[in-house]
1. Determine which single condition M40 fails, assuming it passes every other condition in (1) within 16 Å of the ligand (Cβ to nearest atom); (2) more than 22 Å from R192 (Cα to Cα).
2. I need a count of the residues in segment 66-80 that are within 17 Å of the chain's Cα centre (by Cα) and not polar (S, T, N, Q).
3. If we keep just the residues of segment 1-23 that are crowded, with 21+ Cβ neighbours inside 10 Å and in contact with a Ser or Thr (Cβ under 6 Å, 6 or more places away or on another chain), which is nearest to R121 (Cα to Cα)?
4. Scan N103, N142 and give me the residue that is of a type outside the set (A, V, I, L, M, F, W, C) and over 29 Å from R228 (Cβ atoms).
5. Of all residues in segment 118-173, count the ones that are at positive phi and hydroxyl-bearing (S, T, Y).
6. For segment 136-186, which positions are out of contact with any Leu (no Cβ under 7 Å at 6 or more places or on another chain), touching a residue at least 40 places away in the same chain (Cβ under 8 Å) and either in a loop (DSSP other than H, G, I, E, B) or closer than 16 Å to A220 by Cβ (or both)?
7. Within segment 24-44, which residues are under 16 Å from the mean Cα position of the chain (by Cα) and either surrounded by fewer than 15 Cβ atoms within 10 Å (Cβ to Cβ) or acidic (D, E) (or both)?
8. Any residue in segment 204-213 that is in contact with a helix residue (DSSP H, G or I) (Cβ under 8 Å, 6 or more places away or on another chain), free of Cβ contacts under 8 Å to residues at least 12 places away in the same chain and either more than 12 Å from the ligand (Cβ to nearest atom) or among the acidic types (D, E) (or both)?
Amino acid sequence: MEVIIRPDAAAAADLVARIIARELLAHPQLVLGLATGRTMESVYNRLVRMHREDGLDFSLCRTFNLDEYVGLAEDDPHSYRHYMQEHLFRQIEIDPRNTYLPNGTAADLVAECARYEQTIRKFGGIELQLLGIGRAGHIGFNEPLSALHSRTRVKALAPATLHQNAPLFGGEEKVPRRAITMGVGTILESRRCLLLATGTGKADILSKAVEGPITAMISATALQLHARCTVVVDEPAASKLQGAEYYRWIFENEPEWEGFR
Ligand code: F6R
C-alpha cells in the first residue's frame, strides 16, 4: 500500500483523475471499476473536463460500479445508475452498453450477483478499481464483518451507513435497507486499487484502515493485502496518520510519482 498526501481535496481529486487518465491513455480498453458518493464527484468533474478539453477518450473502456441499492430502478434519482449517468457517463459520451452496475431490481438477486461476477470475469477482470471509504470503514457496501473473501452479494446496510447517506435521501428512513455490492474478495482481485479519502471526517477511519490491524470489522483494512493499492488523501484526512512524514517523502522521491508532482 502507498499513501499519497496532497494539500487539499481539490489536489487529491486532481491526482486521482490524472492517474485514471494515464491508465486510460496507456490502455484504451481499460476495465475500470467505479465508485459513487460525494468524494468521487470532484474526480468525475475532472474526468469530464479532460474529455472535453483534452479529448480523453472513454469509447473503448468498460466500467463496473461497486454497488447499487436494492429496489431502486435505474431511472430513480437516488440510484447509483442515475448518479453515474449524471456525473460521468452522459458527459463523456461512453456507450451505455459498456457501463455495468448490478441491477438492484432483478427478480432473482442471487442470480444477479453471480451474473455480475461472471461479466467482470468475461472482460478479464477489473484493471483499476476506484474506491471511497465510509465512515465505518466500508469499501463498496462491505459493512463490518464482511468476509475478506466475500464476492458480489446482497448486504444489509449498517446503521452508520444509513446515517451517512441519509442527507442524500432526505431522511434515514428513506435510505434503502439493502444493496448489491462487490465483495472484498472481488475488489482485491482488481489489478490496481485507488482509494480517495478527503476531509477531517475521514481522518479517524483512514488511520485505522491504513495503519491499523487487518480486520473484517473494517473492510478497507483488507487493502493492506493488495499488491498494488494507492491511497490518495488530503491533509485533513491525513491528520491522524502516524507515518505522514514518510508518506510525503515517498511522493517526493519515488520515481513513479515524478510525472505527477
Ligand atoms: C459507493 C461506495 C461507498 C462510498 C463511501 C464513501 O459506491 O462504494 O463505499 O465510496 O461510502 O462515500 P462518500 O464519498 O459519500 O463519503
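1. M40 satisfies every listed condition except (2).
2. Taking segment 66-80 first, the residues within 17 Å of the chain's Cα centre (by Cα) are 66-69, 79-80.
Filter once more, so that each one left must be not polar (S, T, N, Q): 66-69, 80.
Looking only at that region, the number is 5.
3. A13
4. N103
5. Summing the residues that are at positive phi and hydroxyl-bearing (S, T, Y) in segment 118-173 gives 0.
6. Selection gives A136, G137, H138, N142, P144, L145, S146, A147, L148, T152, G183, T186.
7. Residues satisfying the conditions are R38, E41.
8. Yes - at least one qualifying residue is present in segment 204-213.
The values are calculated or read from the model by the stated rules, or taken from the named source; none is laboratory data. Model, not experiment: these values are computed from the prediction. So basically every Cβ, Gly included, is an ideal-geometry build from the backbone, and we count neighbours across all protein chains shown.
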